[in-house]
1. How about the range 235-305: which helices (runs of 4 or more DSSP H) wholly inside it have at least 1 residues that are over 20 Å from V170 (Cβ atoms) and open to solvent by 30 Å² or more (accessible area, probe 1.4 Å)?
2. Output the number of residues of the range 3-44 satisfying the condition of being without any contact (Cβ under 8 Å) to a residue 40 or more places away in the chain and either within 21 Å of the chain's Cα centre (by Cα) or not in a loop (DSSP other than H, G, I, E, B) (or both).
3. Does T120 meet the test of being open to solvent by less than 50 Å² (accessible area, probe 1.4 Å), under 17 Å from G336 (Cα atoms) and β-branched (V, I, T)?
4. Which ones in the range 1-25 are surrounded by 14 or more Cβ atoms within 10 Å (Cβ to Cβ) and over 29 Å from N314 (Cα atoms)?
5. Collect the residues in the range 206-231 that are of a type outside the set (V, I, T) and open to solvent by less than 60 Å² (accessible area, probe 1.4 Å), keeping them in residue-number order.
6. Could you identify the single residue in G232, G211 that is at positive phi, touching a helix residue (DSSP H, G or I) at 6+ places or on another chain (Cβ under 9 Å), at pLDDT 95 or above and not in a strand (DSSP E or B)?
7. Report, by residue number, each residue of the range 98-117 that is closer than 25 Å to G49 by Cα, aliphatic (A, V, I, L, M), open to solvent by 40 Å² or more (accessible area, probe 1.4 Å) and not in a loop (DSSP other than H, G, I, E, B).
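The values are calculated or read from the model by the stated rules, or taken from the named source; none is laboratory data. On a predicted model such as this, the values are computed, not experimentally measured, just so you know. Positions of Cβ are generated from backbone atoms using ideal geometry, with glycine treated the same way; all protein chains shown enter the neighbour counts. Accessible surface is based on the protein model in full, side chains and every heavy atom, while ligands, DNA and RNA are left aside. Shrake-Rupley method; radii C 1.70, N 1.55, O 1.52, S 1.80 Å.
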Amino acid sequence: MKAMVFREFGGPEVLKLEELPDPVAGPGEVVVDLKATALNHVDIDVRDGVSRFDFRMPHTLGLEGAGVISQVGDGVDPGRLGERVAVSYIRTCGQCEWCLRGMENICVNRKLLGEHVPGTYAQKILTPADHCLRLPDTVGFAEAAATLSAFGTAWHALMTRAELKLGETVLIHSIGSGVASAALQICKAAGATVIGTASRDDKLALATADGADHVINYTTTDVRTAVEEITGGRGVELVFDVVGGQAFVDSMFMLRPYGRLVSIGAHAGEVVPFDIIEFFRRQISYISSHTQTRDEMRTVLDLVGRGVLRPRINSRYPLERAGEGHVELVARTAYGKIILDID
């Protein structure tokens with residue numbers, strides 16, 4: 001099979017298309033012929049060597065993948081051959097206390113595709129059969145690849161961790177990113193008012209078309225002042241933060257008492273100053289969130305299949321041009337997801 005791999009850390013030029021041995025399904029496993037994958041900012045961190053993950057070189061990136069089961073191992077129903085599936089990117093043990101409680105996203109033995117083990121920038125992938133999620137007939141492979149991480153992560157953060165409620169006002173930082181644009185759709189489906197920030201007016205226009213109630217260009221407008229004006233000085237009930245850095249710091253002063261911030265990323269700064277006095281006097285909550293369970297993945301795939309949620313696909317590249325996709329991702333010009341078509 002062909003796969004995009006890298007043998008040293010560096011820029012997009014280190015990604016090379018190579019021939020690797022075809023995987024063979026063992027007991028309880030299947031081989032999926034991948035048709036599409038999606039890019040994520042963590043791919044850049046892994047490629048650059050700043051991810052803090054351990055893995056072996058050569059390494060294959062890629063969290064998300066969707067395709068067709070082409071081979072089944074012993075103990076797997078042969079009827080699954082030809083099944084259209086999305087592949088869960090969280091490899092779990094199924095035996096620790098968290099897996100047994102249905103919270104396998106924090107499995108103590110978990111490994112993530114493209115981060116700890118070879119991922120989906122490849123024509124085929126070997127995976128446990130129970131990590132394959134059947135696709136609704138109305139969901140294409142590219143849509144599925146654009147759904148797993150973005151909508152799954154946003155769903156877990158908003159609905160499970162932050163317990164989003166009808167009528168709340170939510171501030172979404174960097175609303176043009178894949179996961180933040182997914183969060184926008186989930187918030188609107190849940191009956192929330194959304195304020196979104198971005199650095200580009202074209203992204204803000206697309207967010208408005210997707211239902212954002214208020215938008216702020218943070219390069220030309222002070223976000224704290226704008227949020228105060230929009231909310232009449234009340235502040236917001238919830239902040240959805242995908243960037244960290246100064247946005248994380250400033251968010252404290254835009255939350256109303258008993259408000260919550262849910263953090264899922266920190267590409268703009270991982271270590272920040274934190275005012276503990278303001279934190280406890282405001283009686284606010286900071287919540288961490290990472291990945292999602294397979295049940296939550298099934299939920300968002302079903303909602304996409306029923307048309308409730310709609311993945312935003314910004315651009316598509318063939319597998320061998322993954323490096324060009326990385327350039328676009330780093331430039332932060334995309335609204336929604338960047339897809340690699342694998343065929």
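1. Working: elements: 245-251, 276-282, 294-305.
It comes to 276-282, 294-305.
2. Number of matching residues: 3.
3. no
4. Result: L20, P23, A25.
5. Selection gives A207, D210, G211, A212, N217, A226.
6. G211
7. Matches in the range 98-117: I106 only.
One line per residue, one yes/no per condition, for (1) open to solvent by less than 40 Å² (accessible area, probe 1.4 Å); (2) farther than 19 Å from G28 by Cβ; (3) part of a loop (DSSP other than H, G, I, E, B); (4) in contact with a Lys or Arg (Cβ under 9 Å, 6 or more places away or on another chain):
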position: V46; (1), (2), (3), (4): yes, yes, no, no
position: G67; (1), (2), (3), (4): yes, no, no, yes
position: S70; (1), (2), (3), (4): no, no, no, yes
position: V85; (1), (2), (3), (4): yes, no, no, yes
